[in-house]
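S.K.: Handing you a structure now.
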Amino acid sequence: MIVTKKCIDRRTILYGVGAALALPLLDSMVPALTAAPKSAAAPVKRFGVVYTPNGIMMKNWTPTGEGARFELSPTLSQLAPFRDRLLVLSGLNSTPPIMPGNEPTGVHARASTRFLTDIQPKPTPGSDLQAGISIDQILANRFSQYTQLASLELGMESADSGGAGDPGFSKVYDATISWRGPTTPLPMEHNPRTVFERLFGDSGTTSPQARLARLEQEQSILDSIRQTAAQLARELGPADRSKVAEYLDAIRDVERRIQKAEEQNNRQLPVVDHPAGVPSSFGEHAKLMYDLMVLAYQADLTRVITFMTGHEFSGQTFPEAGVPDAHHAISHHQGNPVSLAKLAKIDSYKLSLFSYFLEKLRATPDGDGSLLDHSTIIYGAGMSDGNAHDPKNLPILLLGGGAGQIKSGRHLRYGAGTPLANLHVTLLDKFGVPIDKIGDSNGGLTDLSA
């Protein structure tokens, strides 16, 4: 990082009509002459979770070999470009406690709810929900003082989509993995337009008419901050001007794609009910959400993001991957080779989209590294075999450099009975939020570090 005598504030905001854009970390934000040496600079740590429902086709998922000499499985080969930033964790379990009497277990409700809380959801079809605070919200409470948004909760499906849910359990359990507290599940926002406005709309204004006027004039958010952006550019060095230009180009690209989706939905009668701003293509929708995640990290608008690629019981289809079948229905494969092959296609397709996200993180400079270097991203599911609703040997990946606290490029296999909660305890500690226990944890995972 080049330190100059000119310094601008880290929280510089570009204001426009109904818009407020935070900037990425620039060289000019390092205090002149007083900047700490690179070796002493503490990078911003970011946390993310990408959840996939209905289990995984484990035969095509699990690598052969252990440690650094493992071989990528057919499904995980989608992540070959990121092998040096990949940790494959096998053998972790989210086994629920034994339920008293004939109380229902809620196999799908427990999968999504326990994934980050490690707490069995309370059986109820009503609003008296109960689980536990999720680790993303523990971190959000810790980092909220530094960012505009404490956290982002994103998804690919609306709250009321999907099947009926587990008997005796509210559908809410299936539709989120994030819990602010034991009785407060957080909804996952699936509309890219809503997320875009939340990130880049001027949340400080008391006049919604200003934003409405801009939208009615079809004026880009970037057009509204053009003057302040030009003024800032005159104060920056060449490298910082390039960074800002690339960042604004990325925002404009996302905004353009959202507008295109809205125009298409206005012209066509969609097969399913997609609100304006939600592309009909799963792949384009997912890429938009991933791009918004990158922008949120890049501008340090939040450091904690959770993303559900589908609800438990999801009936999402994947014609782009050659699978027109509903996901939940086909997850009950009963050992049928044709169904298993289709599930493997879904798993591989979703990882290819996740790979797109990782490449964006890797290509985005952040201080003395990249966003990927300074992030810890969990990818996984709350059950392994969807047909058996198996909560053991979960498919769990860790991606990113963890700001130097994760030793990647390995496959680690844990002994029988190791709780997923042990991973959560360990990650919280690495983020500077040590806790003794969460859910059914019985220790930590000491082998994640270098």
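S.K.: Any residue in segment 358-386 that is assigned to a helix (DSSP H, G or I) sitting within a Cβ distance under 6 Å of a residue that is basic (Lys, Arg)? List the pairs, counting only those 6 or more apart or interchain.
M.R.: Short answer, once both residue conditions are applied: none.
S.K.: Can you tell which of Asp440, Asp390, Asp373 is charged (D, E, K, R) and outside the structural domain of Tyr297 (by TED's automatic domain parsing)?
M.R.: Values: Asp390 fails: outside the structural domain of Tyr297 (by TED's automatic domain parsing); Asp373 fails: outside the structural domain of Tyr297 (by TED's automatic domain parsing).
The unique qualifying residue is Asp440.
S.K.: Examine segment 297-309 for a residue that is surrounded by fewer than 22 Cβ atoms within 10 Å (Cβ to Cβ), of a type in the set (Phe, Trp, Tyr) and at pLDDT 95 or above, and state whether such a residue exists.
M.R.: No, that holds for no residue.
S.K.: Okay, moving on. Which residues, taken from segment 154-186, are among the acidic types (Asp, Glu) and surrounded by 24 or more Cβ atoms within 10 Å (Cβ to Cβ)?
M.R.: Asp166, Asp174
The values are calculated or read from the model by the stated rules, or taken from the named source; none is laboratory data. Please read these numbers as outputs of a predicted model, since none were measured by experiment. In this analysis, Cβ positions are derived from the backbone assuming ideal geometry, glycine residues included, and neighbour counts consider all displayed protein chains.
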